[in-house]
Every structure is written in C-alpha cells, then in structure tokens.
Amino acid sequence: MTSDPYIKRIALFGSTGSIGVQTLEVIEAHPDKFSVEILTAHKNHDLLVRQALQFNPNIVVIVDDTRYAEVKEALANTDIKVFAGEKALEEVAAMDCYDLMLAAIVGYAGLRPTLKAICHGKTIALANKETLVVAGDIVIQKAVENRVPIIPVDSEHSAIFQCLVGETRNRIEKIILTASGGPFLGRKPNYLVNVKKEHALQHPNWTMGAKITIDSATLMNKGLEMIEAKWLFNLEPEQIQVLIHPQSIIHSMVQFEDGSVKAQMGLPDMKLPIQYALAFPKRIVSNFPRCDFKKINSLTFEEPDIRTFRNLALAKDALHKGGNLPCVMNAANELAVYAFLRNRIGFLDITDVIERTMDKVHFIDNPTLDEYFESDGEARNYAADIMHLS
Ligand code: NDP
Ligand code: MG
C-alpha cells in the first residue's frame, strides 16, 4: 500500500495463475516502481494468502466463497480487506485504490471485471485475450470513451505494439502473428486422435496455464490471437497473417506500406511483455536471460496446417463473420478444453464440439453486451449437451 505518486499501483486479477505469479516476480524486482493493491484468485486460497502476506495489498478477493473463512483467518493480523464471490471482482475493479489492472484471469470470467475497470478509467495491461474475443467491439468502444489505454501482455501483441511505437501516422499493410506450432507440429489426424492431456500439456517453448497450453496444441490460441489483434490494432481480417515459427524468437512482425517489416525478438519469456506493459511507456532494466544470436542456428517459417488443425480455420471464419460468432466459439472452446482436461472427450472432439456449437447458436450481427452474455450462455448449454456434461 502506498501514496507515492511515482509508484504505479497495481491490481492483479488472477494473481495465482502463470501470468499472475510472473507479474509478482517482476513487481518484486522493482519495489520502487510498483505496489500491489489488489490480488484475486478463484480457488487457490493457500497461494493467495502467501502472496498477500508477502506483498501486503489493500484487498484480496477469493472468488470461491467456500474458502472465504480460511483466507480471512489467515490474514486476521493484517489490515488486508478480504472479499469473496464473483460479484466482488467487479466491485473491487471499480475502486480508487489502484491505477493499472493487470488482467490475468483466464477465459470469459475476465470480461466483466475488466470492463468495470475500463469504465472507471483504469489503464489495462491485458493478458486475458478472451475479453477481446468475446466482446471486442464493446471493450474497445468503452476504452475509447473513457480514454483508457489497453496495453497487450500477450507476447505476439506486445511485439506488434512495440513495433508500432513511433508509427502512429503510418498505415499497417499487414501484421504477421508468429506461432510456435505447439507440441503437435507436423502431426496428422491419425496421430492426434489418440493424444492424451499429459502429452498435450507439454508445450515445447512456453510454460503456461492448462487452458492456454491446450489452446496452443489445437492452434485455437492463434485463432483467438487473430481476433485479439483485430480489435487491438483496428485491422481488417485480410491484414492478419499467421506463420509457424517453431523457435519462438520473433514474437511477431508488422509490415508497412513501403514494404518495410519490423519484428520484435527475444527469448520466450513472458516476464518481458509483462514488464513492458507494467512500465509502459518506459523500458526498465531487467536481468532476464539475453538472446545470443550465435547460438540460434536458424529462424524458420511455414504455413500453418489448417486442414489438420481445424480450430484455426473455425477461428478465421469467426474473425471474418464477426457478430456473436467469436463469443460463441470461445464459449464452446472453453467448455470443450475443460472436458478434454477431465478426460471426457478426445483431442479431435474439441474441434467438433466448437464447430457444431457455432452452427447451432443463432447469429447476431451487432450484439449488445447482454446479447453477448446470452450467446455465451446459449453456446455453453449447447456444447455441454453435445458432450453430455450436465
Ligand atoms: P492460469 O490458469 O495459470 O491462471 C488463471 C488465473 O485466473 C488464476 O489466478 C485463477 O485462479 C484465476 N481464475 C480461473 N478461473 C477463474 C474464474 N472463474 N473467476 C476468477 N478467476 C479465475 O492461466 P494463465 O496465467 O496461463 O493465463 C491467464 C490469461 O492470460 C489467459 O487468458 C491466457 O490466455 C492469457 N495468456 C497467458 C499466457 C501465459 O504464458 N500463461 C501468455 C499469453 C496470454 P486459481 O489459481 O485460484 O484457479
Ligand atoms: Mg500469445
């Protein structure tokens, strides 16, 4: 807790996740620049309490209210206020005690608190890409109305954002989103049909939460990122290209009207885009491992195999058609990924569930926020029915 005007006061939503933990490592290394004011978790009360005791925030939120008493008791000898329940996320997002929200909740659950923060004029460092996939038009419109900067944390979008610094008057011809290809690069359906979650959770270059790791294995992650890029950088679908780049050294590129291409590079380490988003517009020192180009034999690029990894084709369809289709796709994907992680469906079934749900839920061209919420619910019900999950 602090009132020093030079210290950015951070609300870290999703502090117990992969991005959340790495964000706290960045903050810990720069106590003169950042303070932690809000921490939130879904169920992981043990880690939330440990983080709270170390970083002494104003407020913690445990969404699962059955854990409230344990958190409250563990923090009884501190001044830290404890809230519980889903609604509390929105309530604390509206509070005055912080300047910047690092949005690191996974999935659709991140949308409402992030929107609340935007409507209260908070700067957003956005990891939670699903927020833009579900309701990108409304999120961006609210950000413009409230003069709120949205600084991407997703490494590809951070790369593009960094390439665009100083280029505000120059038109983007296209962006090239790079993708590692995930653990199943080069595999065909006859292999993928037998893939188990233990295998799919082994990402070659990045250590991340379970949901995004499966999204990377199915290439849905890159589909979500195309839609995220459309909203962040105001692009037409035709301006967004995906290339497989297995070394994950070039994090993405921007091509301008004169044919010049800018790329942002570095070792794959999420702490770099996290720190960049927290400190923007400044770059601040870090001790992250440096890239030694002599040790990188080659940088390679290839077209993604969208006949095998059909999720990317579905996401392109959603990107082009717009309306509530990305929201519906996202809902079906979230449910299908969690079913796969619980061994309820196979790897290739994920795509079938998404495709059938996208075909079934009625299309709305220009949804209101309530219509996005309804489309999400409808898609989840339909996807659950297909998978016999109820
Ligand atoms: P994790 O699964 O590791 O962490 C998710 C966080 O959200 C945890 O704090 C979790 O709490 C919390 N959470 C989960 N469900 C809910 C819910 N229903 N309501 C409120 N909080 C919830 O995810 P990651 O850190 O990997 O990813 C976070 C976001 O960042 C995702 O949108 C992802 O796409 C994006 N991202 C992640 C990258 C990475 O390297 N990990 C890279 C680029 C983007 P608890 O621990 O208690 O369950
Ligand atoms: Mg990414």
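Based on what the data block shows, is residue 24 part of a strand (DSSP E or B) and within 13 Å of ligand 1 (Cβ to nearest atom)? Quick ask: steps written out before the conclusion?
On the way: part of a strand (DSSP E or B): no; within 13 Å of ligand 1 (Cβ to nearest atom): yes.
For residue 24, the condition - part of a strand (DSSP E or B) and within 13 Å of ligand 1 (Cβ to nearest atom) - is not met.
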Would you call residue 62 within 16 Å of ligand 1 (Cβ to nearest atom) and over 19 Å from the mean Cα position of the chain (by Cα)?
yes
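Residue-by-condition table, conditions (1) surrounded by fewer than 23 Cβ atoms within 10 Å (Cβ to Cβ); (2) within 16 Å of ligand 2 (Cβ to nearest atom); (3) among the β-branched types (Val, Ile, Thr):
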{"residue": "48", "(1), (2), (3)": "no, no, no"}
{"residue": "53", "(1), (2), (3)": "yes, no, no"}
{"residue": "65", "(1), (2), (3)": "yes, no, no"}
{"residue": "70", "(1), (2), (3)": "yes, no, no"}
{"residue": "76", "(1), (2), (3)": "yes, no, no"}
{"residue": "88", "(1), (2), (3)": "yes, no, no"}
{"residue": "104", "(1), (2), (3)": "no, yes, no"}
{"residue": "112", "(1), (2), (3)": "yes, no, no"}
{"residue": "121", "(1), (2), (3)": "yes, no, no"}
Single residue of 279, 217 found to be touching a Leu at 6+ places or on another chain (Cβ under 9 Å) and of a type in the set (A, V, I, L, M):
217
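Somewhere in segment 356-375, is a residue on the phi > 0 side of the Ramachandran plot and among the polar types (S, T, N, Q)?
Scanning segment 356-375, I find no residue that is on the phi > 0 side of the Ramachandran plot and among the polar types (S, T, N, Q), so the answer is no.
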All conditions in (1) surrounded by fewer than 17 Cβ atoms within 10 Å (Cβ to Cβ); (2) in a helix (DSSP H, G or I); (3) among the charged types (D, E, K, R) are true of residue 169 except (2)
Exclusive hit being assigned by TED's automatic domain parsing to the domain that holds residue 274, modelled with pLDDT of 95 or more and among the hydrophobic types (A, V, I, L, M, F, W, C), set 143, 217, 135:
217
Residue list for segment 27-52, filter: within 11 Å of ligand 1 (Cβ to nearest atom) and not small (Gly, Ala, Ser)
39, 40, 42, 43, 44, 45, 46, 47, 48, 51
Would you point out which residue out of 229, 179, 159, 143 is surrounded by 16 or more Cβ atoms within 10 Å (Cβ to Cβ), touching a strand residue (DSSP E or B) at 6+ places or on another chain (Cβ under 7 Å), without any contact (Cβ under 8 Å) to a residue 40 or more places away in the chain and of a type in the set (Gly, Ala, Ser)?
143
Test: residue in segment 158-172 that is within 12 Å of ligand 1 (Cβ to nearest atom) and of a type outside the set (Gly, Ala, Ser):
no
Considering only segment 59-81, state which residues are over 20 Å from residue 106 (Cβ atoms) and in contact with a Phe, Trp or Tyr (Cβ under 8 Å, 6 or more places away or on another chain).
59
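Rundown of residues vs (1) assigned by TED's automatic domain parsing to the domain that holds residue 225; (2) touching a residue at least 12 places away in the same chain (Cβ under 8 Å); (3) more than 19 Å from residue 108 (Cα to Cα); (4) in a helix (DSSP H, G or I), yes/no style:
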residue	(1), (2), (3), (4)
328	no, yes, no, yes
334	no, yes, no, yes
347	no, yes, yes, no
359	no, no, yes, yes
365	no, yes, yes, no
374	no, no, no, yes
379	no, yes, no, yes
382	no, yes, no, yes
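Report yes if residue 230 is among the basic types (Lys, Arg) and within 14 Å of ligand 2 (Cβ to nearest atom), otherwise no. Step through it out loud before you land on a result.
Values: among the basic types (Lys, Arg): yes; within 14 Å of ligand 2 (Cβ to nearest atom): no.
So residue 230 does not fit the description; no.
The values are calculated or read from the model by the stated rules, or taken from the named source; none is laboratory data. Every value quoted in this text rests on a predicted model; they were computed, and no experiment measured them. Note: ideal-geometry Cβ built from the backbone for every residue, glycine included; neighbour counts use all protein chains shown.
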